[in-house]
Structures are given as structure tokens and as C-alpha cells.
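Single-structure report; data block below.
The values are calculated or read from the model by the stated rules, or taken from the named source; none is laboratory data. Since the structure is predicted, the reported quantities are computational estimates derived from the model, not experimental observations. Here Cβ is always computed from backbone atoms with ideal geometry, including for glycine, and neighbour counts include all displayed protein chains. All accessible areas refer to the heavy atoms of the entire protein, side chains included, with ligands and DNA or RNA removed. Shrake-Rupley method; radii C 1.70, N 1.55, O 1.52, S 1.80 Å.
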Amino acid sequence: MEFLLSKKVKNVEIPTLRKFFNMLADYPEVINLTVGLPDFLTPAHIKEAGKEAIDHNKTTYTNQAGILELRKAASDYGRIKYGLDYDPQSEIIITNGASEALDISFRTILEEGSEVLLPAPVYPGYEALVTLSGAVPVFMDTSPYDFKVTPELLEKHITDKTRCLVLTNPSNPTGVLLNEEELKDIAAYIEDKDIFVITDEIYSELTYGNHFVSFATLPHMRDRTIAINGLSKSHAMTGWRVGFTYAPSYLTEQMEKVHYFNTVCASTISQYGALKALTDGIDDAIEMKNEYERRKEYTYMRLRDMGLETVHPEGAFYMFPSIKHLKMNSYDFAVKMIDEGKVGVVPGNAFSKFGEGYVRISYAYSMEHLEKGLDRMEAFITKIDNR
Ligand SMILES: Cc1ncc(COP(=O)(O)O)c(C=O)c1O
């Protein structure tokens, strides 16, 4: 019966990123620098709120968009942190992580054959969702532009089928942050074009130096933008699965239907944990961010000393050094480094073909772990450089 399966689903592959991560489970001696999740624990007051929800039997379905208190908290959070202005009753949906928020956004706006502009190298989650929506991912190579999106790049790829542009700000895998001027240039370019923007801002709380600006706050952009955020990274809550969407009511109304038929509502227990995070825990990310920043500087310095050219990241917890001078493709490099160097990084081609020639290193690890991993990496690179 296999021939009867959906071709769309069969054509989607489990990303290299996940395969690589699973493969590392068989190599316990390897120092793993691949994981894209915080090494911190969920703050204690949030865990308590989750436990209390269970003890008080807050364990039934909620309103499909989420408990109103939480939507109000998400609305306040967006306003206080980023100047976003969204009505909790009609413009916010609480989702099962940013992942589900992305899925309902794509499925609401895309049709068979629509094109979606993806700035590459790119987080692998989008491609599959776009394809499953019947649409076509269009990868734009940002590497000649310091991994940024520019009007020139958009002009090269936009067609009359383009329905949507995705921005990941700050970016996974490069850590690059688009600043206000750069976002304004993008906004000016698309202003007279009928395309939506999905801005994935899951790392917005983890930015270093430059002030984070949400694309949805730019003049004339609110009406066409879906801003996605969540608590996985900011509050070390990956397993709680809480995300949220900020979008004008005409979009939210439609997205809410997709969300409802997909999942009814986000986990009720998690919603109460999230309520704590977005009220008393509104600044929980600051301490973690300060620690990530320390690790970032250390990792950057180590990579530079190894002779690996790396864009200095301004957000998230990744670095994306070039290994082009080593004359090896990034997959072979990563496999060899596991076998011989006993350290794991993600090959750049896991983030589309435009990531070839790079590797992704996560610095969401303790300093001790990073030091050990980078020492091994340095020894491995010195060895292959001398061959
Ligand atoms: C850019 C980006 N968007 C979305 C997600 C998914 O986040 P969530 O755990 O909220 O589903 C990730 C997770 O790594 C990510 O890196």
C-alpha cells in the first residue's frame, strides 16, 4: 500500500540536523556542540506554576486561542519589550511552540504553487512546512551579503508567484541580527508588493549589543506581517511547547481555524507555566543572555585563533565559521571530526545548499564543555591542515 501515501509527505525528509544529532547518541565520547537548545533549566517559579496548574485541575481544554490571561500577558510582553501593539482578544494565538505557529501561518497564507522566499543558510523547519502546504521554497543565498537580507537579494528572487518572505531575526544558523536600518530597507522594498512577511523572532530575547527591532513595528508593515515568538529559547522551555503569534485580526481569525482543527489548544498546563514566564518571569532571559554573551565572546575568539573566518554574531547562540580553506565539504568535515577529533558540529549544508563550506557550532553549553570541545576542534584542524 505504500504507493498510496502522500507524495508531498514522502518527499519531505528528516533534516540532516536531526539525523546528525541522533547519530551523536551512538558516540558518547564525543563532545557535542550541535544542540540548539538552552543548557539552562526552566526557572523554578515557572515549574511551580505548571505543578500548581495540575494540582488545581487546570487540565482541560482551553479557548482555542489560549487562556485570555495568557494572551493578555503576551500582548503586554510584546508591547513592553518590543513596542508591539496587538489585541489579546483577536490578534494573538497561543500555539504548540513556534513550530506550530509557523505551520498555521504558512497554511493560512499559501496556495498550491505559491513561492516563499527563504534567506539561506536557513533553519530547516521552514522548507518542509512550505512544501507540505503545496508551495515552493525559494532559497536566497545571503552569504555574499554577510548573511543579511537586502533589497538587491529580494529583487533577484521575487516573482509574481511570491506570496511570502520569511525573516529569521536573529538567525539560526548564523547568529546574524538585522538592525533597524536593514529592516527598513526591506520594508521599503516590499511596500508596494503584495507579499506577506513571517518574522520568526524566537531568539529576540537573546541579542547582544544591537537593539532588537521587530519587523511588525515598522511603518505600514503590521497589516502584512505575522510575528512569531515563543518561550523555548528565552525561558529554557523547549519541552513545554509554547509559542505565540502576533498578527492583524483578519489573519488571526483564519489562522485560529487551522490551529483549532490541528490541535484544539496549546497544552493547558504549559499555558499556566507560560503565564508565569510572561508576567513575573518577563526578565528571566537576562541572566541567561549575559552568560551566553560570555560564551559567545570566548567561542568567537577561539575560532578566530584557529584561523576560521566567522561572522561576529549579534543574537541567538550559534556561530557559523567557514571551513572552505580546508578543502573538504562540510558533511565530510563534520563526520571526520566526530571520528577523529571526537567533537560534533553541524555541517552547514543542513541549512540548505548555501550553507556548504560552513559548520554550525552552538555555544549553549557550559564554559567547561565549550573549552574542551574547542580544544579538540583546534587539535583536529591543526592535524588536517598539516596533512
Ligand atoms: C529559528 C527557529 N524557529 C523556530 C524554532 C522552533 O521553536 P519551538 O521550540 O518554539 O517550536 C527553532 C528551534 O530551534 C528555531 O531555531
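General remarks:
- Relative packing of peptides 347-355, 308-316, 324-332 - highest average C-beta neighbours within 10 Å first: 347-355, 308-316, 324-332
- Three-way shape call for the range 204-291 based on the alpha-carbon gyration tensor, with the a/c threshold at 1.5: oblate
- Among beta bridges that DSSP assigns inside the chain, antiparallel share in %, nearest 5: 40 percent
- Ranked by the mean number of other Cβ atoms within 10 Å per residue, highest first, peptides 282-289, 231-238 order as 231-238, 282-289.
- Radius of gyration over Kirkwood radius for the chain, both on Cα atoms: the Rg/Rh ratio is 0.96.
- For the residue pairs 8/257; 19/327; 8/72; 10/289, alpha carbon separations beyond 31 Å are given by 8/72; 10/289.
- Of 343, 323, 298, farthest towards positive along the dipole that unit charges on Lys, Arg, Asp, Glu beta carbons give the range 298-387: 323
- Inter-part distance where the range 44-107 and the range 260-316 are each reduced to a Cα centre, Å: 18 Å
- Of all lysines in the structure, the ones whose alpha carbon falls short of 24 Å from that of residue 156, not counting any fewer than 8 places away in one chain, are 148, 184, 193, 353.
- Mean separation of Cα pairs under 8 Å and 6 or more residues apart, divided by the residue count, gives the chain a relative contact order of 24 percent.
- Total charge dipole magnitude, the range 60-278, about the Cα centre, Cβ charges on Lys, Arg, Asp, Glu only, Debye to nearest 20: 740 debye
- Unit charges on C-beta of K, R, D, E only; dipole of the chain, Debye: 840 debye
- The range 60-278 - percent of accessible surface contributed by carbon and sulfur, probe 1.4 Å: 48 percent
- Summed over the residues of the range 162-212 and divided among them, the accessible surface reaches 30 Å² per residue at a probe radius of 1.4 Å.
- Note that the range 1-137 presents 51 Å² accessible area per residue, ligands and nucleic acids not counted, probe 1.4 Å.
- Rounded, prolate or oblate (a/c below 1.5 giving rounded, otherwise prolate when a/b exceeds b/c) for the range 60-278 by Cα gyration tensor: prolate
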